[in-house]
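Structure record follows, encoded as structure tokens.
The values are calculated or read from the model by the stated rules, or taken from the named source; none is laboratory data. Note that this is a predicted model, so its numbers are computed, not measured. Reconstructed Cβ throughout: ideal geometry from the backbone, glycine too, with neighbour counts over all protein chains shown. The protein model used for the area step is the full one, side chains on, heavy atoms only, and it has no ligands, DNA or RNA in it. Shrake-Rupley method; radii C 1.70, N 1.55, O 1.52, S 1.80 Å.
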Amino acid sequence: MAGPADTTLLRTPEPGLRPFALYRNVLSVLLLGSLIPLAFLGAGAFIVFGNVIADRTREHLETLVSDHAKTVDLFLGERLAAIRLVAHAHRRDTLTAPGRLALTADRLNETYPGSFIDVGIIGADGSHLAYEGPYPELRARNYRDAEWFRIVLKDGQFISDVFLGFRQDPHFIMAVRQDDPDGTSWILRATVNPEVFGGLVTSGRLGETGDCFLVDRQGRYQTRPADGTPLLSPSGLDPAIPRARVETVTSGGKEYLRTTRPVLSGRWLLVAQQEEREALAPVRRELMKGLLVFAAAALVIVLTAHFATRFLVGRIEKGARRAEELSASFLHASKLASIGEMATGLAHEINNPLAIISSEQTNIADLLGELPVDDRTTEMKDSVARSKRQVERCKTITGKMLQFGRQGIAVVERIDPAAQLAEIVRLMRPQAVVSNIELVLDLAPDLPSLRMDSGELQQVVTNLVNNAMQAMPEGGAIRVIGRCEGPELTIAVEDEGTGIPEELRQKIFEPFFTTKPVHKGTGLGLSVCFGIVTKWGGSIRAENRPQGGARFVVRLPVNQSEGPREGREPTP
Ligand code: ADP
């Protein structure tokens, strides 16, 4: 229930700084307490999963290259086996018969599409017995001194490295030796199509930056790399150096992931590499997703902490304000109680001599009445009358002091506030008219009845209207308004006067506080109102109207059944 403590008598806590500091501190603790573990967790997951995914990517690269190496070996093995089969299945004379080698070459290239450029039958002395291919001039060549020829004679079969040969064109051959039953040996030789073989090897390239090529034991290109370097050029790789399964190398300012696999029983090295940036792009994508999840989690935490803290601080602030209000209210009440006690004692003390003075004045007036009337007796009678008026004034003040000190005994009765207010206005109107003031009564229909002392209600409203009239020296209108708002009856007295200076709004309910000249105000009117209203469980509030003048609002509970509150210290 709003009382003067709400708006006038009590200072509300300074808004702003203190709650904000509390908000900031609680929020900081909550955020630090949740975000730091989350950051650790996130960083840990980032590192662990990042490494796992990177390892997986490397393993994947390794597996692909390993499979590709097997494919290359299979290509070479199949074609060598095919040549061996042809040599085994035919006699030398058969293959050298006119047209027969051409047919065999066609069959081979049908079975292994485009794999062989040419085929030749070479005798044990190194001369061509038959040749089928695009270079007929080779027919006149003798291979006696060729390295591959010696090896194949000795080992029975051979796949050469890339070499220039008679044509001075880089290529490689595969050859098998066949020993006929008559004891003669001959060799079936075939040149492998470098385009087809190179195509097979480069099909192992990965992504856009991938490369896949073969080098021999001297590190010379056996197939062309992606940059088009010619065959047999040095690659800069030394196959003899043992290397990690997947290594990171820098070339042309870029980082590459490189992995190698031996093929052809280790004579060649299959090299596959890919720019690390491209190879690890999926890793980065996954990590970005993780970062997004982390950011979303952090956002949820920040929002939750913000709202929770705001709610918490709101509650704490409300509690603190309530506690402050209660303690201020209590202080005010006990102050009023002490002042009330003092006022009562003082009023009693003053009342006694006043009674004596009053009776002595009556006595003097009687005695003067017995004396003959002349100037002196008339002057004395006037003097006695004047002093009597001052005694009466003193009695009025002590009467108010006694009232303030709870000397009056309340009579609890059910009263009709509408009738009461109308009666008060009717009684005060003549006085208002003299001051050029219009008293307006504005009552809602069917105002509920109240249980309280009608005299006290009258006193409250009279005091407020009197104050309003005194605040309007120029005249104007005073409205006495009666409304029922929920469980409360609201009586407002609005004036068009000077209003209450803001700095005094907290003081006007204090006993003996007045801004009026000595003979006009006692400073007890509003204290008495406050005491009466709070005694009946209500509240009183003062405010300035935006359009000028003051408004006093009294709220009284409608369902007050138990009468005045016992033990209300401020009750006059
Ligand atoms: P008093 O009327 O004897 O001064 P009150 O307790 O009734 O004592 O009022 C205290 C002070 O409150 C007044 O002196 C005046 O300054 C201020 N006050 C009360 N009512 C009004 C009003 N309607 N307009 C302006 N000021 C008022």
Problem set entry | Dipole axis of the chain (+1 Lys, Arg; -1 Asp, Glu on Cβ), positive-most option in THR259, PHE116, ILE397 | PHE116
Seminar exercise, completed: Neighbours of SER233 by Cβ distance under 13 Å: Lys/Arg at +1, Asp/Glu at -1, summed charge 0
Exercise. At a 1.4 Å probe, what is the % contribution of carbon and sulfur to the accessible area of region 206-269?
Worked result: 47 percent
For this session: Evaluate the distance, in nm, between pseudo-label points positioned 7 Å from the Cα of MET380 and of VAL518 along their respective Cα→Cβ axes.
Result: 2.8 nm
Seminar exercise, completed: Ordering 24-37, 515-528 by per-residue average of other C-beta atoms within 10 angstrom, highest first, gives 515-528, 24-37
For this session: Just name one of ALA279, GLY314, VAL293: the one whose Cα is farthest towards the positive end of the charge dipole of region 274-317 (beta-carbon charges, Lys/Arg +1, Asp/Glu -1).
Result: GLY314
Exercise. What part of the accessible area of region 363-405, given as a whole %, is carbon or sulfur when the probe is 1.4 angstrom?
Worked result: 55 percent
Problem set entry | Distance in nm between pseudo-label sites at LYS395 and ALA140 (7 Å out along the Cβ direction from Cα) | 16.4 nm
Seminar exercise, completed: Note: GLN361 to LEU103 extended length (0.36 nm per residue) minus current alpha-carbon separation gives 76.6 nm
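Within region 27-97, what whole-number % of the accessible surface is contributed by carbon and sulfur, with the 1.4 Å probe and all protein chains included in the calculation? It would help to have the intermediate numbers written out before the result.
Values: 2840 of 4110 Å².
Answer for region 27-97 is 69 percent, counting heavy atoms of protein chains only.
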For this session: Tabulate in residue order the Karplus-calculated ³J(HN,Hα) for region 40-54, using 6.51 cos²θ - 1.76 cosθ + 1.60 with θ = phi - 60°, rounded to whole Hz; enter x for Gly and Pro.
Result: 4, 4, x, 5, x, 4, 4, 5, 5, 5, x, 5, 4, 5, 5
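Using the heavy atoms of the protein chains alone and a 1.4 angstrom probe, what is the accessible area of region 139-247 per residue in square angstrom?
Accessible surface, normalised per residue, equals 50 Å².
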Seminar exercise, completed: In whole Hz, the Karplus estimates of ³J(HN,Hα) for region 294-306 (6.51, -1.76, 1.60; θ = phi - 60°; x where Gly or Pro) are 4, 5, 5, 4, 5, 5, 4, 5, 4, 5, 4, 4, 4
Problem set entry | 1.4 Å probe accessible area per residue over region 343-432, in Å² | 64 Å²
For this session: At 0.36 nm per residue, minus the direct Cα-Cα distance, what do PHE40 and ALA298 gain on full extension? Give it in nm, one decimal, please.
Result: 91.6 nm
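Please work out the FRET efficiency for the pair GLU324 and VAL29, using the Cβ-Cβ distance as r and a Förster radius of 25 Å; give the result to the nearest 0.05.
0.50
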Seminar exercise, completed: Cα-based Rg and Dmax for the chain, in Å, come out at 58.8, 193
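Is there a quick way to get the dipole size of the chain? I mean about its Cα centre, with the Cβ of Lys and Arg at +1 and of Asp and Glu at -1; what is the value in debye to the nearest 20? Mind showing how you got there, number by number?
Values: 66 positive and 69 negative charges, 162 e Å.
Dipole size: approximately 780 debye.
Going by average Cβ density within 10 Å per residue, which order do the peptides 123-129, 384-390, 198-204 take, highest to lowest? Please list the in-between numbers first.
Working: 123-129: 15.0, 384-390: 13.0, 198-204: 17.3.
Result, highest mean first: 198-204, 123-129, 384-390.
Which pairs in the list LYS335/LYS400; LYS400/LYS507; LYS335/LYS395; LYS388/LYS535 are over 26 Å apart, alpha-carbon to alpha-carbon? Walk me through the numbers on the way to the answer.
Details: LYS335/LYS400 18 Å; LYS400/LYS507 19 Å; LYS335/LYS395 24 Å; LYS388/LYS535 35 Å.
Distance filter (> 26 Å) returns LYS388/LYS535.
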Exercise. Points 7 angstrom from Cα along the Cβ direction at GLU413 and LEU346: gap in nanometres?
Worked result: 3.3 nm
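So what is the 222 nm mean residue ellipticity for the chain from helices alone, if each DSSP H run of at least 4 adds -39500 (n - 2.57) and you divide by all residues, rounding to the nearest 500 deg cm²/dmol? All intermediate terms of the calculation are to be shown ahead of the outcome.
Values: 11 runs with 278 residues, N = 572.
Rounded to the nearest 500, it is -17000 deg cm²/dmol.
Place the peptides 91-101, 63-73 in order of packing, highest mean first, counting for every residue the other Cβ atoms within 10 Å and averaging per peptide.
On the way: 91-101: 15.2, 63-73: 17.0.
My ranking of the peptides, most packed first, is 63-73, 91-101.
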Exercise. In sequence order, what are the phi-derived ³J(HN,Hα) couplings for region 100-111 according to the Karplus relation 6.51 cos²θ - 1.76 cosθ + 1.60 with θ = phi - 60°, rounded to whole Hz, with x for glycine and proline?
Worked result: 6, 5, 4, 4, 5, 4, 4, 4, 4, 6, 6, 5
